[in-house]
Amino acid sequence: QVQLVESGGGLVEAGGSLRLSCAASGNIFSINAMSWYRQAPGKQRELVASISSGGSTYYEDSVKGRFTISRDNSKNTVYLQMNSLKPEDTAVYYCHGNLRSTASFGFYNYWGQGTQVTVSS
């Protein structure tokens with residue numbers, strides 16, 4: 001069984017920083033892309049940043065230059081360093097991984113439980 005567990009959310013003032021972590025555990029055979037999504041109250045879940053198995057990255061326009069996604073393949077962990085945070089970054093942040101377990105022959109999508117990030121003005 002595969003699990004994605006996030007940590008690192010919390011309350012921070014505008015202009016501050018937070019670092020989110022997401023560790024994949026269980027019977028993992030291989031991990032493809034890993035991503036961070038967020039969902040603010042009353043809004044749809046949106047892709048914030050993504051990183052491929054080879055290290056290529058994607059960022060949503062509003063976070064470019066402020067957020068950095070990285071991964072440690074030896075730890076099956078993805079990180080999101082968030083700097084210069086704004087009140088509009090307030091949301092529940094979800095980790096997403098496209099990975100293959102030892103019990104399957106294909107890649108499937110997995111989600112973490114989410115971690116709250118609140119930025120006060």
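Somewhere in the stretch 62-69, is a residue modelled with pLDDT under 95, in a strand (DSSP E or B), at negative phi and polar (S, T, N, Q)?
No, the stretch 62-69 contains no residue that is modelled with pLDDT under 95, in a strand (DSSP E or B), at negative phi and polar (S, T, N, Q).
Which residues, counting only those in the stretch 6-30, are at pLDDT 95 or above and among the hydrophobic types (A, V, I, L, M, F, W, C)?
Answer for the stretch 6-30, where residues must be at pLDDT 95 or above and among the hydrophobic types (A, V, I, L, M, F, W, C): Leu11, Val12, Ala14, Leu18, Leu20, Cys22, Ala23, Ala24.
Table: residues versus (1) open to solvent by 60 Å² or more (accessible area, probe 1.4 Å); (2) free of Cβ contacts under 8 Å to residues at least 40 places away in the same chain; (3) within 17 Å of Gly112 (Cα to Cα).
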residue	(1), (2), (3)
Trp36	no, no, yes
Ala40	no, no, yes
Ser62	no, yes, no
Gly65	yes, yes, no
Arg71	no, yes, yes
Lys75	yes, no, yes
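Kindly establish whether Gly54 is surrounded by fewer than 19 Cβ atoms within 10 Å (Cβ to Cβ) and out of contact with any helix residue (DSSP H, G or I) (no Cβ under 8 Å at 6 or more places or on another chain).
Judged against the criteria, Gly54 is a match.
What tally of residues in the stretch 1-34 results from selecting those that are farther than 27 Å from Pro87 by Cβ, in a loop (DSSP other than H, G, I, E, B) and among the small types (Gly, Ala, Ser)?
1
Which condition breaks for Glu88 when tested against (1) in contact with a helix residue (DSSP H, G or I) (Cβ under 9 Å, 6 or more places away or on another chain); (2) open to solvent by less than 60 Å² (accessible area, probe 1.4 Å); (3) over 26 Å from Val2 (Cα atoms)?
Condition (2) is where Glu88 drops out.
Okay, residues lined up against (1) among the polar types (S, T, N, Q); (2) under 15 Å from the mean Cα position of the chain (by Cα):
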residue: Gln39; (1), (2): yes, yes
residue: Gln44; (1), (2): yes, no
residue: Val63; (1), (2): no, yes
residue: Ser70; (1), (2): yes, yes
residue: Ser74; (1), (2): yes, no
residue: Asn83; (1), (2): yes, yes
residue: Ala103; (1), (2): no, no
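Give me a count of the residues in the stretch 100-121 that are at pLDDT below 95 and either of a type in the set (A, V, I, L, M, F, W, C) or open to solvent by less than 40 Å² (accessible area, probe 1.4 Å) (or both).
6
The values are calculated or read from the model by the stated rules, or taken from the named source; none is laboratory data. Everything numeric here is computed off the predicted structure, so don't read it as measured data. Note that we place each Cβ from the backbone using ideal geometry, even for glycine, and neighbour counts take in every protein chain shown. Keep in mind that these areas ignore ligands, DNA and RNA; they rest on the heavy atoms of the full protein, side chains included. Shrake-Rupley method; radii C 1.70, N 1.55, O 1.52, S 1.80 Å.
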